[in-house]
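Contents: one structure, followed by commentary.
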Amino acid sequence: MKPANFDYARCERVESALDLLAEHGDDARIIAGGQSLMAMLNMRLVRPSIVVDIASLDELAYVKEAAGYVEFGATVTQAAAEAWPALRKRVPLVAAALPHIGHFQTRNRGTICGSLCHADPSSELPLCLATLGGDVVLRSRRKKRVVGALDFQIGLLSTAKQPDEMMVAARYPAARSGWGYAFREISRRHGDFAIVALAAVVGDGKIRLGVGGVDDKPAVHEWDDMDDDSLADALNDFAWDLGGGDDIHATARYRREMVRRLGKKVIGEARQCRS
Amino acid sequence: MQVLKQSERHRVRFTLNGERVEGLAEPRMLLTDFIRHEIGATGTHVGCEHGICGACTIRVNGKAVRACLMLAVQAEGKEIETVEGLAAKDGTLSALQAAFHRNFALQCGYCTPGFLMSLVDYLEKNPNPTEADIRIALSGNLCRCTGYAEIVNAALEAAREIQALSASK
């Protein structure tokens, strides 16, 4: 449970991190909070030849309101996001999901963007980004590009980020007036990996439901608003369409049942909190 | 930019419980091992080494974090607090430690440093917690002996005592 050997680079500028990524590609790993990467290093599930530390890049420690979205820089910790005064008003789904992420001790170091890059199928932040239809901003020495959440996370712990690219920011669409947002998850203990996590958005005559923890990446489905009976059928169809299997925590059947039951609840909550 | 080479030991300096300390660490060395083996402060315990059990919880720049999920080289220049810094120099226990003692909030004691450091941080930021708050706050620390009831009682008692103490000042 100790990491294998690696070089360690402490970056003071984004450009130096990008240079190292361009030079080392797949052999380099960016570390910011390290709350996913350090566990992977300790278990030797990843063995980079160089770890590139961006934690002290203050230029990326920002939360910025822009037209229609809130942008979190790459070194914003989950705790800093929780403490951002406008969070509940501007991105209520993220505000509802954040307390479920690990524990306050890990949120003190773990970053929003780090969680997105790690791309665990049961993670809350990728689920919220996918459900809201947000974007991530990737930079390399070649270019800067903006990628939609559904195109970014392509599978289990895997993303569309190229070896020379680094995520510099994540953009969560801001709450729209008259829309409702709700989040729920079920886990064995508070802070454990979600067995099933659900995010619901209701507005403009539509219902959108995101499900994490079942398939190997967040699954999002959108329907026209409908009555409860039709919704139960729609959720049943959605639950059957999801992949996912049995593991030590729960069976696939249990997970489908949670999608049906909690799906109904979380959509109801989103309807109620429409503002 | 500074690149520290693997297999070489690099100087790391930080403040530990108010005193300046330094030692040598390879880039891959965990902060837990550095604090225990290089500095010799063995109060910080090592459990799961992947952030789950909470035994290694310390404070870095005033925030509770997992020392097993940090590299020693990342602690350069930081202010670090461990369980050794809680009691007074003459050995008088802090209010939280005394509450643990009174409430039998430990049996084998292995998890205790992590619980204490989590609670020190939590109670500073949330001085008036409910039992439910404490249980959520402690969900990131595992204890295999007590069943948690005594730890929760100790935390609530300490919170009340700390509040009364600060009110009387």
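If you take each beta carbon of peptide A:105-117 and count the beta carbons of other chains within 10 angstrom, what is the mean?
Working: counts 19, 8, 3, 9, 9, 4, 0, 0, 0, 0, 0, 0, 0.
Mean shielding count: 4.
When the trypsin sites (Lys or Arg not before Pro) in the range A:156-202 are filtered for DSSP coil states and for at most 16 other beta-carbon atoms within 10 Å of their beta-carbon, the remaining sites are A:176, A:188, A:189. Rounded, prolate or oblate: which fits the range A:58-173 when a ≥ b ≥ c are the square roots of the eigenvalues of the alpha-carbon gyration tensor, with rounded for a/c under 1.5 and prolate only if a/b beats b/c? Verdict is rounded for the range A:58-173.
Counting other Cβ atoms within 10 Å as a rough exposure proxy, the listed residues A:227, A:19, A:164 run A:227, A:19, A:164 from fewest neighbours to most.
Distance between the 7 Å Cα→Cβ label points at residue B:161 and residue A:228: 5.1 nm.
With +1 on each Lys and Arg Cβ and -1 on each Asp and Glu Cβ, how big is the dipole of the range B:10-83 about its Cα centre, in debye rounded to the nearest 20? With Lys and Arg at +1 and Asp and Glu at -1, about 140 debye.
How many partner chain Cβ atoms sit within 10 Å of a residue's Cβ in peptide A:53-66, on average, as a whole number? Can you show the working numbers first?
Values: counts 7, 0, 2, 3, 0, 0, 0, 0, 0, 0, 0, 0, 0, 0.
Partner-chain Cβ atoms within 10 Å, mean over residues of A:53-66: 1.
With respect to the cross-link table entries A:89/A:161; A:217/A:265; A:265/B:63; A:264/B:63, which display a Cα-Cα separation exceeding 28 Å? If you can, show how the numbers build up before the last one.
Values: A:89/A:161 30 Å; A:217/A:265 22 Å; A:265/B:63 35 Å; A:264/B:63 38 Å.
A:89/A:161; A:265/B:63; A:264/B:63, as the Cα separations exceed 28 Å there.
For the range A:36-120, the set of trypsin sites (Lys or Arg not before Pro) satisfying both a DSSP loop assignment and a count of at most 13 other C-beta atoms within 10 Å is given as A:44. I'd like the distance separating the alpha-carbon centroids of the range B:37-62 and the range A:1-50, in whole Å. For the range B:37-62 versus the range A:1-50, the Cα centre distance is 22 Å.
Among the chymotrypsin sites (Phe, Trp or Tyr not before Pro) in the range A:40-92, those placed in a DSSP loop whose Cβ has at most 14 other Cβ atoms within 10 Å are A:62.
In the protein assembly as shown, taking the dipole from charged Cβ atoms about the Cα centre, the farthest positive-side position among A:258, A:125, B:77 is held by B:77. Of A:175, A:119, A:149, the residue with the greatest mean-square motion in the GNM of chain A, using alpha carbon springs below 10 Å, is A:175.
Taking only the C-alpha atoms of the range A:7-53, Rg followed by Dmax gives 10.3, 30 Å. A cut-off under 15 angstrom between Cβ atoms defines the neighbours of residue A:245, and their net charge, with Lys, Arg +1 and Asp, Glu -1, is -2. For residue A:154, the amide hydrogen comes within under 5 Å of the amide hydrogens of A:159, A:160, counting only partners 5 or more places away or on other chains and with H modelled in the peptide plane. Take the Cβ atoms of residue B:61 and residue A:272, set R0 to 60 Å, and the FRET efficiency comes out at 0.90.
Pairwise Cα distances in the range A:156-203 exceed 18 Å in 60 percent of cases. Here the range A:180-272 is assigned +1 on the Cβ of each Lys and Arg and -1 on the Cβ of each Asp and Glu. Its dipole about the Cα centre then comes out at about 440 debye. Three principal axis extents describe the C-alpha atoms of the range B:8-135; from largest down they are 47, 33, 28 Å. Set the Cα radius of gyration of the range A:151-275 against 2.2 N^0.38 Å, with N its number of residues, and you get 1.13. Put simply, the range B:95-168 fits an ellipsoid with semi-axes of 19, 13, 10 Å; these come from the alpha carbon gyration tensor as the roots of five times its eigenvalues, largest first. In this structure, the amide hydrogen of residue A:174, modeled 1.01 Å from its nitrogen in the peptide plane, lies closer than 5 angstrom to those of A:69, A:70, counting only residues at least 5 positions away or on a different chain.
From a point 7 Å beyond the Cα of residue A:86 in the direction of its Cβ, which residues of the range A:58-80 have a backbone N at a distance under 12 Å? From the range A:58-80, the list is A:63-72. When the alpha carbon gyration tensor of the protein assembly as shown is reduced to an equivalent ellipsoid, the three semi-axes, largest first, read 36, 29, 19 Å. Express in whole angstrom the spacing between the alpha-carbon centres of the range A:163-198 and the range A:85-119. First find each Cα centre; the distance between them is then 7 Å.
Pull up the DSSP beta bridges for chain A and report the antiparallel fraction as a percent, rounded to 5.
Working: 42 of 50 bridges.
Expressed as a percentage, antiparallel bridges in chain A total about 85.
Could you work out the relative contact order of the range A:1-141? I mean the mean sequence separation of Cα pairs under 8 Å and 6+ apart, divided by the number of residues, in percent. The partial results should precede the final answer.
Details: 210 pairs, mean separation 35.5, N = 141.
Value for the range A:1-141: 25 percent.
Run the dipole for the range A:58-173 about the Cα centre, Lys and Arg Cβ at +1, Asp and Glu Cβ at -1, nothing else charged, and hand back the magnitude in debye, nearest 20. Display every interim value, and only then the final one.
Details: 14 positive and 11 negative charges, 51 e Å.
In total the dipole reaches around 240 debye.
Taken together, the values in this text are just the output of simple stated rules run on the coordinates, not laboratory data. Just so it is clear, the structure is predicted and the values come from calculations on it, not from any experiment. Note that we place each Cβ from the backbone using ideal geometry, even for glycine, and neighbour counts take in every protein chain shown.
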